[in-house]
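Participant: Here you go, one structure.
Each reported figure results from applying straightforward, stated rules to the coordinates on display, with no laboratory input. If you're wondering where the values come from, they're calculated on a predicted model, not measured in any experiment. Cβ coordinates were reconstructed from backbone atoms using ideal geometry, including for glycine residues, and neighbour counts include every protein chain displayed.
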Ligand code: BEZ
């Protein structure tokens, strides 16, 4: 059965085989943030570039107390073999676990499979059993903070995932939101729930009122 997940839902827990051994997802997350991302198939070109890029970002995620884990319906042995190609061609060793979701357990829990033309699970083909490109950011509270779904033929922008993670972590600590194309260090927006009176205490350095509902404040420390 597939589920319809929403932001703020508790991320479904599961046990799975991974390249780092069996895991229980919630235990594996622990007190960290986590990024769970699926790719369609091992030994395919776009996926090779994506997983290599994620390996290159590992230090950035680690600095942000964030674990990353990949997934496809390929077996763990294939993941291990393909990881050698990724390192050779992309210059980064895959240093995060990859789930071998051969029974489609996690794919179904997280709605990672594309719509089946036949509409029935019996009619699924090898192509419709390939997971689409999804990304979930999950907090230490195990709640879903972000969900992304990309087409098969489009490689993701993982710098954007890092940018959203920065925004999520900042806005979890301070009563701010982040404007269009915001990057770490840029000015932020004081959320409407904070009155000017309360803002004086929270942002003693002051802010700029462009409209009563649009108040810009320097990036909180
Ligand atoms: C790829 O990674 O290149 C790819 C995988 C599945 C469908 C289309 C492209």
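Participant: Relative contact order for region 174-217 using alpha-carbon pairs under 8 Å, separation at least 6, rounded to a whole percent?
Facilitator: This gives 35 percent for region 174-217.
Participant: Give the separation of the Cα centroids, region 130-163 to region 12-61, in Å.
Facilitator: What the calculation gives is 11 Å, centre to centre.
Participant: If each of residue 208 and residue 172 carries a label point 7 Å out from its Cα toward its Cβ, how far apart are those two points in nm?
Facilitator: 3.0 nm
Participant: Residue 95 to residue 5: FRET efficiency via 1/(1 + (r/R0)^6), r the Cβ-Cβ distance, R0 35 Å, to the nearest 0.05?
Facilitator: For R0 = 35 Å, the calculated efficiency reads 0.80.
Participant: Moving to a separate point now. Along the principal axes of its C-alpha atoms, what lengths does region 15-156 span, in descending order and rounded to whole Å?
Facilitator: The Cα atoms of region 15-156 stretch 45, 37, 27 Å along their principal axes.
Participant: Need one number: convex hull volume per residue for region 174-217, Cα atoms only, in Å³.
Facilitator: Spelled out: Cα convex hull of region 174-217, divided by residues, is 71 Å³.
Participant: How big is the antiparallel share of DSSP beta bridges in the chain, given as a percent to the nearest 5?
Facilitator: If we restrict to bridges inside the chain, about 70 percent are antiparallel.
Participant: Using helices alone, I'd like the mean residue ellipticity at 222 nm for the chain: each DSSP H run of four-plus residues gives -39500 (n - 2.57), total over residue count, nearest 500.
Facilitator: -8500 deg cm²/dmol
Participant: Comparing 52, 91, 185, which has the greatest mean-square fluctuation in the GNM of the chain with Cα pairs linked when under 10 Å apart?
Facilitator: Maximum fluctuation in the GNM of the chain, among the listed residues, is at 185.
Participant: From Cα pairs below 8 angstrom and at least 6 apart in sequence, can you work out the relative contact order of region 15-156, rounded to a whole percent?
Facilitator: It comes to 31 percent, rounded to a whole number.
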